[in-house]
Amino acid sequence: MENNNKPVTLKTFQRMKETQEKITMLTAYDFSTAKYIDECGTDAILIGDSVGMTVLGYDTTIKVTIDDMLTFTKAVANGVKRAFVIADLPFLSYHVSKEQTTINAGKLIQAGAKAVKLEGAADFILEEVNHLTKCGINVMGHLGFTPQYINAIGGYYIQGKSYENTLKLLQAAKKLEDNGAFALVLEMVPEESAKFISENLSIPTIGIGAGKYCDGQVLVIDDILGKYPGNLPKFVKQYTNLQEIMKNAICEYNQEVKSGQFPTEAHSFNLPEEEREKLEYSYSK
Ligand code: KIV
């Protein structure tokens, strides 16, 4: 494993690709969660636009704005010492013009991110990846299932499901690499396709629903902790049930307040004896 105290950089990712050490990445949206993820030695933290669903309660990521992303990026960056922090450029924040893309990406970097992530590999996106990289802004790509294109795709479908489509994905990935992307998220791609793409790129692939051969893995923190109330996709492994733990604690609190069991002496402040006596005396008059 990498030296746990040394901040992760682009060089770390490249070295991990070369030595085939798996890269760990999780999403985070708030200060304390980011701090715990960092303290566990996770290599990268993504402020995903999945925040729209996990925190803001939207049904897709489409409604997330650059201002939303800035708030959550600042919170996460404040909790991180070692992990490499990446922030998603949200829907339409990199589609209008190169100027607007640069300004929006720059704002995320100024908010504390070390890189931005964007989806797709259309020609104009490749130009933007190229331009941002030249500005000193690190860019992570995102191919396969791209949630910001949900209305065009029409549903949560696996991508690259044939030989031809796998080759197309590899071509797109290579173009992102050639234009300066330092890594690539591969979402909902068959394991064999993801293996083929990973083996034919010199930048690391971070898989989500893309099998075990990617250079790293990413999952949404609310999903692995069992906090998100919706259905979980097949590719998620839930490591605990925070929903149950939270609800049990909240119900216990409610019940203790109603029954008078909380607060006790241990949770209360008291007046000094003589002040209390004065109070009692004045009350009894
Ligand atoms: O928004 C997000 O959380 C993501 C990851 C799932 C890769 O893009």
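FYI, it's all coordinate maths here, none of it is from the lab. What you are looking at is a predicted structure, and each value in this text was computed from that prediction instead of being measured. All Cβ positions, glycine included, derive from the backbone under ideal geometry; neighbour counts span all protein chains shown.
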field: Kirkwood-Stokes translational diffusion coefficient of segment 68-161, alpha-carbon pairs, 20 °C, 1.002 mPa s, µm²/s
entry: 153
statement: Longest principal axis of the chain (C-alpha) makes with the long axis of helix 10-19 (C-alpha) an angle, in degrees to the nearest 10, of 70
query: Tell me, what is the percent relative contact order of the chain, built from C-alpha pairs under 8 Å that lie six or more residues apart?
result: 14
message: Charges at C-beta only: +1 for Lys and Arg, -1 for Asp and Glu. How large is the resulting dipole of segment 10-240 about its Cα centre, in Debye rounded to 20?
response: 380
Inter-label distance, nm, simple model (7 Å from Cα along the C-beta direction), L92/E18: 4.4
query: Going by alpha carbons, how many degrees (0 to 90, nearest 10) lie between the helix axis of 163-178 and the longest principal axis of the chain?
result: 80
message: With every atom except the alpha carbons ignored, what do you get for Rg and Dmax of segment 1-143, in angstroms?
response: 14.7, 41
- prompt: Do the sum for the chain: with -39,500 (n - 2.57) for every DSSP H run of n ≥ 4, divided by all residues, what is the mean residue ellipticity at 222 nm, to the nearest 500 deg cm²/dmol?
  reply: -13000 deg cm²/dmol
- request: Counting residues in the chain as N, plug N into 2.2 N^0.38 Å and put the Cα Rg over that result.
  value: 1.24
Which of L225, N248, I37, positive extreme of dipole for the chain (C-beta unit charges): I37
- line: Helix 66-79: inclination vs the chain longest Cα principal axis, degrees, rounded to 10, gives 70
- request: Could you run the Karplus curve 6.51 cos²θ - 1.76 cosθ + 1.60 with θ = phi - 60° over segment 127-133 and give me ³J(HN,Hα) per residue in whole Hz, x for Gly and Pro?
  value: 4, 5, 4, 4, 5, 4, 4
